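Below you'll find the structure, written out as structure tokens, and then a few comments.
Derivation of every value follows stated rules applied to the coordinates shown; laboratory data play no part. Nothing here was measured: the structure is a model prediction, and the numbers come from that model. Neighbour counts run over all protein chains shown; Cβ positions are idealised from the backbone, glycine included.
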Amino acid sequence: MSLLLSVSRQLVLGHCTLLLASMLLLCAGPAPAEPEPVTPRFVTVGDASTVPQSVVSALAEDQQGLLWIGTGAGLVRYDGHGFRQLRIQSQLQKTGALGFVRVLHLARDGRLWVGTESNGLVVVEPHSESLQVYRHDPALPEGMPAGTVRSLAEDAQGGIWIGTIGHGLARLDPASGRFSHIQRAQAASGLKDDRIPALLIDKAGTLWVGTWSGLQRREVGAERFEPMAPELAGQMVASLFQTMEGRIWAGTQQGGLLLLDAQGRSLRLLSRPEEGGGPVHGLMELEDGRVWVARGSGIELRDRDGALLRRIVHARLDPLGLGSNEVRALLLDRAGWVWVGSYGGGLQRHNPQDTGIRVRGPEGRPGSAFEDANARSLLQLDTGQIWVGTGERGLAVLDERLRLIGELQPGQGGFAGRRIGGMAQTRDGRIWLGADTELYELDRQRRVLQRQSLGSGRVRRMLAGADGELWVATQDGLLRLQQGQLRRLELEGGDRLSGDVNALVQDAEGGLWVGTEQGLLRLPPGGAALQRVPARPGAALAPGAVLGLLLDRSGRLWVDTAEGLHRMRSWDGREASFEAVETGFVGRSFGANLLEDGQGRIWSQQFVHDPASGSTHELTPADGADIGTGWFRAYVQLRDGRMLFGGSKGLLVVEPQRYAPWSYEPPLVVSELLVDGQPRGLGELRQGLVLRPGERRFAIEFAALDYSAPQRSSYAYRLQGYESDWISSQANVRVAAYGNLPPGQYTLQVRATNRSGLWSRHELAIPVRVEPAWWQQWWLRALGLLLALAAMVGVVQLRTLVLRRRQAQLEARVRERTAELEAATRALQEASLTDPLTGLRNRRFLDRHIEQDIALALRRYETARRQGESPVEGGDLLFFLVDLDRFKDLNDSRGHAAGDAVLQQMRGRLSQVFRDSDYLLRWGGEEFLIVARETSRRHAVELAERARAAVSDQPFELGGGARVSMSCSIGFVAFPLLSELPRALDWPLTLGLADAALYQAKRDGRNTWVGLTELPWRDEYSLRPWLRRAPSEWLDSGELRLLRPAPH
């Protein structure tokens, strides 16, 4: 009876609390219209150097899948890896660029039509990049009209309609090359204005014309244009679009937007000029019928009936927001991605399909607890509220639609914590927060009820037990709060449990599984001490820390370690058996934050694994998973099945039932063809590649058009008839190159994956024919045979003499040709590895050779360590980054010729200090990289000072008697930095630390050096937090012993 009364009192109290909360929400005003404050992500592609001036005026995708971009300085092609500007042979323009591109139209035959500001009309054949230009010629009144080409459309006969500014309409018959013209002056035409910024030919063949004076149309078979849409009369109709349902959308320069049916009847006036929505520049329809409207004030999303769903505008501080409000072009590509082109914002892409995974980003209100969205812990209360513990700003409270409805910041209501590392709500409804090293009890109104210290370790995770107890995992062991008493748990045998406790999970019997830095522990039901979990031989977990735990619906335990994901096969109460899960990502943690969805798939913020199929997919920014650093132990599964994962830039929101792995099969295209090192037109490949006599080698660059994450595609190629095995290649080396092939017929096969590793069915198969040289012709061989037979009839000695003489001549010729080839190959290889200005090596040289040096250094250290000996003296690698001080001032004051003279002399200066066996590279601009090989780190300071003096002690000769004194700043780091763990820091991170040291030298006043030859840590656990930091933070932390010159 007392239990029922207690439950009743709790229910009444809960209902009263909910009623009070509802009244407060009603008083605060109506809820926003958006279901969740999730902002669409726009990824910027390219920059002002690849997309000139970041101006995009038009977009098109050709039949191969290549993206074409109209800019203010010409036409640019994009293949996912690089941009290429199309140029024309022109006497009017020295640059050969097309000038300002106003409109792009892809015809049914695959050709791309380009309307320009001042270069007339251009048609491009995308396969070969050949083009034809139609310019106005005053001597040909029936030719191409004058004026800017602002709009293009194609009719059923393949005719191209051209809308100009001030010169009316024209139609080009591509077959004959003849133009016909329609202008306002022709009264019979009915055309009311010669300024035509928009054209559309609808599904019925009706020609719609947007003019500066309104909207007109001409039906098939009609002779005159008729006025349409009186609502738009007097406005410039700048954009026309027909949806899949046949409806017509018309937008104006003044901001008007009208929806018409297929017969031209006005259905709904969606916006008026006086509403200030901004000019309409473009329209686009998604597969679900939603329409995007490109305006001069951003983007509008509308449903199929025109109702406004939301507006997207430029946010200056959001790196993943809309780049500019002046949106000029929209494109939906074949993979379903949206491309946005704007003035000032350049080219961006957005995935409208990533609704299953998205980011709840920072709160826009300054000063709020979720302003920086750094989510370190998560909890959903029994009321449905979602509490987010932040890194520095206390507690943020969200409703189930992820709207901020409350907060508790440091200093409010007796709350003194900052980083909230764990939260839990126990069975009696009490709410507990672990902030820093203290435990707080709060009520549902976020009032602090009690506070107590937990000792010296920060809270890492909390768990509400089945019996009403509270488990608190810290940096210094595990505590249990039961009946108001807080007690620290010990290991069986009385040993103290210290160090990180990372994960907690309770099984159906009440046993507690504990993941620690010492491995996996278990507290039996009713037990008082933690027990280690022994494993059968050959079936143990990977050594080291246990980072994450999950009990799935079947009761199976999943364990995440630094070496990967494991699952328990058996547990008899005394001994366990585990198996490693094959994910394809060897040596990587699964992400620690393990959750299971309704389909049995295992999730974290980094991966999703399907036990049924055995497949594992990595979650990347292309999937919508972009929360900065995903924090371990910051995760929760909501009662509606959604999953939340906390990161440094917000919450990763996962709706598992809406997620599907990326299965798009990208087309594969050839992006460049080289024969003997010289570019060739891609049109040559239509009938196959032919190497004629004297042409010795070819190289074909290819690209898989998975624009979502092109750098994640993998490739394989082979030349059938020459080799049978596939050659694997990554996205940064997408070239198949062959030389000195025997005469014959071959086929170059190329295949590629999408970003998820799925091989595409679209493959390249390019015929290659190598024609024989004259001395390889069959008739020449036949003639030699006849001569040999004739000689056999004669004197045997003469025959032998002739044959030997011919053999000697042939061998000499082959040796000569071979020597030429080898010399040319060596010269080409040397040129590709050398900086042409300084004669120093370049980055490609380092990429080709450094791994061998790294492997040698690591092998020496690891061998010495296994044998218990000190590392061999002189077995280190030293990375020196040298940057000339105030080099830009020299270029600005004396010109680039002076700067080039200084750079050329740097080779001699550096060669005075370093050995011939060391790598001397021009790293970029005025920056140089030296890799001192097989050198003791004890000599690093001496070498740095000698290099500095070599630059500063003697002026540089500029020619003509002029001289200039220069200085340099140097940053250096030894590899490996940790002799106990030589593989803990790879060489790119070591180089990053050298770069940070270089900039520290700059901050120290220039003409000096800063270096690092050792780290203070001796174990992987101490080093692990630093690996998530930028190299500059290492140096700024004050924990490293930096080497500097002694003060004078």
Inset, instruction - Just check segment 422-485 against the gyration tensor rule for me: Cα atoms, a ≥ b ≥ c as the square roots of the eigenvalues, rounded for a/c under 1.5, and otherwise prolate or oblate depending on whether a/b exceeds b/c. - result: oblate
Legend entry - Taking N as its residue count, the alpha carbon Rg of segment 668-773 over 2.2 N^0.38 Å: 1.07
Legend entry - Inter-centroid distance (Cα atoms) of segment 201-235 relative to segment 611-684, Å: 44
Legend entry - Sites matching trypsin sites (Lys or Arg not before Pro) across segment 909-989 that sit in DSSP coil, with at most 12 neighbouring C-beta atoms within 10 Å: Arg915, Arg983
Inset, instruction - Could you tell me which of rounded, prolate or oblate describes segment 315-389, using a ≥ b ≥ c as the square roots of the eigenvalues of the alpha-carbon gyration tensor, with rounded for a/c under 1.5 and, failing that, prolate when a/b is larger than b/c and oblate otherwise? - result: oblate
Legend entry - Tensor-based shape of segment 553-604 (alpha-carbon gyration tensor, a/c under 1.5 rounded, otherwise prolate or oblate): oblate
Legend entry - Radius, Kirkwood style, for segment 820-965 when every pair of distinct Cα atoms is counted (Å): 17.2
Legend entry - Ellipticity estimate at 222 nm from DSSP helix runs (n ≥ 4, -39,500 (n - 2.57)) divided over the chain, nearest 500: -5500 deg cm²/dmol
Inset, instruction - Please get the size of the charge dipole for segment 858-1036, origin at its Cα centre, with Cβ charges of +1 on Lys and Arg and -1 on Asp and Glu, quoted in debye to the nearest 20. - result: 100
Legend entry - Computed label-point distance, nm, for sites Glu223 and His849 using a 7 Å Cα→Cβ extension: 8.2
Inset, instruction - Quote the FRET efficiency, to the nearest 0.05, computed for Ala897 versus Gln954 with a Förster distance R0 of 25 Å and r equal to the Cβ-Cβ distance. - result: 0.80
Inset, instruction - Would you mind calculating the relative contact order of segment 478-629 from Cα pairs under 8 angstrom and at least 6 residues apart, reporting the percent as a whole number? - result: 13
Legend entry - Fewest-first ranking of Arg108, Arg195, using other Cβ atoms within 10 Å as the exposure measure: Arg108, Arg195
Inset, instruction - Arrange Phe845, Phe632 by Cβ neighbour counts within 10 Å, fewest through most, would you? - result: Phe845, Phe632
Legend entry - Segment Asp109-Arg451, length gained on full extension (0.36 nm per residue, minus Cα span): 115.7 nm
Legend entry - Relative contact order (percent, whole number), segment 858-1036, Cα cutoff 8 Å, 6+ residue spacing: 25
Inset, instruction - Using 0.36 nm per residue of separation minus the Cα-Cα distance, give me the extension gain between Gln53 and Val872 in nm, one decimal. - result: 289.4 nm
Inset, instruction - Can you tell me the order of 388-397, 174-183, 156-165 when each peptide is scored by its average per-residue count of other Cβ atoms within 10 angstrom, highest first? - result: 388-397, 156-165, 174-183
Legend entry - Convex hull projection area averaged over all views, segment 318-456, Cα basis, nm²: 11.1
Inset, instruction - Binning at 10 Å from 0, report for the chain what percent of all alpha-carbon pair distances ends up in each bin. - result: 2, 8, 13, 17, 18, 17, 13, 8, 3, 1, 0, 0, 0
Inset, instruction - Under a cut-off of 17 Å between alpha-carbon atoms, report the aspartates and glutamates in cross-link reach of Lys1002, not counting same-chain residues fewer than 8 places apart. - result: Asp883, Asp885, Asp889, Glu926, Glu927, Glu945, Glu1033, Asp1036
Inset, instruction - At 7 Å along the Cα-to-beta-carbon direction for both Trp774 and Ser613, put a label point, then send me their distance in nm to one decimal. - result: 6.1
Inset, instruction - Taking 7 Å along the Cα-to-C-beta vector as the label spot, tell me the Leu856-Ala699 distance in nanometres, rounded to one decimal. - result: 2.7
Legend entry - For the chain: relative contact order, % (alpha-carbon pairs under 8 angstrom, 6 or more apart): 5
Legend entry - Theoretical gain in end-to-end length, Ser128 to Leu1027 [0.36 nm per residue, Cα-Cα removed]: 318.9 nm
Legend entry - Neighbour-count ranking [beta-carbon atoms within 10 angstrom, fewest first] of Lys888, Lys192: Lys888, Lys192
